[in-house]
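The values are calculated or read from the model by the stated rules, or taken from the named source; none is laboratory data. Treat the numbers as computed from the prediction; the structure is a model and nothing was measured. All Cβ positions, even for glycine, are placed from backbone atoms using ideal geometry, and neighbour counts span all protein chains on display.
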Ligand code: URA
């Protein structure tokens, strides 16, 4: 068996790792017999040299097998489903879709992640709710799925521990945007969930990990090959990720927007993503014959309040006090009574008049990251109250001097450089009278 330095050298020199090599590396990561510097070096070698399909498949399988692989009662056959996104800005789809699917009779054992690079993480968002526990035992997951139908949890010592370790180190070593590492990370978690069907939201654009449609498509194919290779019926949707999704970015602000969406007041772009992915899953799992039929059922589960009841029950099952869950789900909740508001807010004003042509999600995310919404070191605490509210939307005609962004911040305070960066994130062009319709979904990829 090769030693760890020999394994690193093999990959660094562009050779193909075999199953034994990959197993040895993942075992060393999980058992902590490898130094972080060696793991970082291997991640960088994989980032630089890439992996062939057999290596990616082996990496995915070994990461999945680094912990428990869940098993479900026979009567759940065909109804255990999930979605996963490759990462976006303001991407809160999971918070709305998981309970909507549960309301439609599915079981959703979602294993999610934390913020990665500039993108937000579902676990960080949920932890802005006081008491929310993302670390459930296998028994608690089973109980929650039986009683509620959905749960959202993190990787633990027993659930894909290899991803928990590699995910944090990738963030700290600039090795996030690697096709085999993203594939291994996402599909190992979904494999451990023993799913019947999975839909992947593969993002492209200036605020996505991959900037153009062609490379996102390549990632979608890698993810679908790995998912279908583990026996999960896996489809993908390619979606634009340029402008933040919805009107709010930042952990607790996104929880508020998700709750608003669950009360039937969601922004159209967020709801487009929720209903498209939900509709695809319902079609892929054979419950409906077309995606649009499934989308309609998901939409009804949201507007009729069934999804909100599931979210409330999920919060309670995951440690949130009854009164807190109830207050957050009240029709006209005073969210800041429960979700901490940042000490300071600053409104930025438009500098010209015209039509809003672009709001650069990447710039917004990078500034918020520096203000404390994201991490630069594995395990670092984040400030859940840091974030921003968009006060204008794409295609809107605006006058000069109207507020377009409200930044929520604490320490560090916003520097003048950061204010300039944010101002430059807004593009206002010549006025237009036509209303600009902005659809995020570029293409659906169905399993063969
Ligand atoms: N989501 C994950 O879980 N892993 C990645 O690598 C990217 C997005």
Within the stretch 51-73, residues closer than 29 Å to residue 145 by Cβ and part of a loop (DSSP other than H, G, I, E, B) come out as 65, 66, 67, 68, 69, 70, 71, 72, 73
Can you name the residue in the stretch 117-126 that is away from the ligand (no atom under 11 Å from the Cβ) and under 15 Å from residue 153 (Cβ atoms) and is also surrounded by the fewest Cβ atoms within 10 Å (Cβ to Cβ) among such residues? 124
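Looking only at the stretch 61-75, decide whether some residue is at positive phi and either within 21 Å of the chain's Cα centre (by Cα) or in contact (Cβ under 8 Å) with a residue 60 or more places away in the chain (or both).
no
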Within the stretch 247-270, how many residues are assigned to a helix (DSSP H, G or I) and under 19 Å from residue 312 (Cα atoms)? 15
Residue pairs, Cβ under 8 Å, 6 or more apart or interchain, first in the stretch 164-184 and more than 26 Å from residue 135 (Cα to Cα), second within 8 Å of the ligand (Cβ to nearest atom) and in a helix (DSSP H, G or I). List them. 178/170
If we scan the stretch 316-324, do we find a residue that is under 26 Å from the mean Cα position of the chain (by Cα), in a helix (DSSP H, G or I) and surrounded by fewer than 14 Cβ atoms within 10 Å (Cβ to Cβ)? no
Does at least one position in the stretch 401-417 carry a residue that is part of a strand (DSSP E or B), closer than 30 Å to residue 236 by Cα and either in contact with a strand residue (DSSP E or B) (Cβ under 8 Å, 6 or more places away or on another chain) or at pLDDT below 95 (or both)? no
Residue 372 - would you say it is on the phi > 0 side of the Ramachandran plot, part of a helix (DSSP H, G or I) and either surrounded by 18 or more Cβ atoms within 10 Å (Cβ to Cβ) or touching a helix residue (DSSP H, G or I) at 6+ places or on another chain (Cβ under 6 Å) (or both)? yes
Six or more apart or on different chains, Cβ under 6 Å: which pairs go from a residue in the stretch 386-398 that's under 16 Å from residue 351 (Cα atoms) to one that's modelled with pLDDT of 95 or more and surrounded by fewer than 17 Cβ atoms within 10 Å (Cβ to Cβ)? Could you list them? 391/403
Among the candidates 158, 178, single out the residue that is more than 30 Å from residue 297 (Cα to Cα) and within 15 Å of the ligand (Cβ to nearest atom). 178
Restricting to the stretch 164-177, give me the number of residues that are crowded, with 22+ Cβ neighbours inside 10 Å and out of contact with any strand residue (DSSP E or B) (no Cβ under 9 Å at 6 or more places or on another chain). 1
Of residues in the stretch 79-116 being assigned to a loop (DSSP other than H, G, I, E, B) and within 11 Å of the ligand (Cβ to nearest atom), the one farthest from residue 139 (Cα to Cα): 88
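With the structure loaded, tell me whether residue 141 is at pLDDT 95 or above, closer than 30 Å to residue 306 by Cβ and either in contact with a helix residue (DSSP H, G or I) (Cβ under 9 Å, 6 or more places away or on another chain) or within 12 Å of the ligand (Cβ to nearest atom) (or both) or whether it fails that test.
On the way: at pLDDT 95 or above: yes; closer than 30 Å to residue 306 by Cβ: yes; either in contact with a helix residue (DSSP H, G or I) (Cβ under 9 Å, 6 or more places away or on another chain) or within 12 Å of the ligand (Cβ to nearest atom) (or both): no.
Spelling it out, it is not the case that residue 141 is at pLDDT 95 or above, closer than 30 Å to residue 306 by Cβ and either in contact with a helix residue (DSSP H, G or I) (Cβ under 9 Å, 6 or more places away or on another chain) or within 12 Å of the ligand (Cβ to nearest atom) (or both).
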With assigned to a strand (DSSP E or B) and either without any contact (Cβ under 8 Å) to a residue 12 or more places away in the chain or surrounded by fewer than 16 Cβ atoms within 10 Å (Cβ to Cβ) (or both) as the only criterion, which of 427, 352 stands out? 427
Determine which member of the set 85, 146 is surrounded by fewer than 21 Cβ atoms within 10 Å (Cβ to Cβ) and either closer than 21 Å to residue 281 by Cβ or under 12 Å from the mean Cα position of the chain (by Cα) (or both). 146
Pairs, first without any contact (Cβ under 8 Å) to a residue 12 or more places away in the chain in the stretch 103-122, second within 11 Å of the ligand (Cβ to nearest atom), C-beta under 6 Å, six or more apart: 121/113; 121/114; 121/115
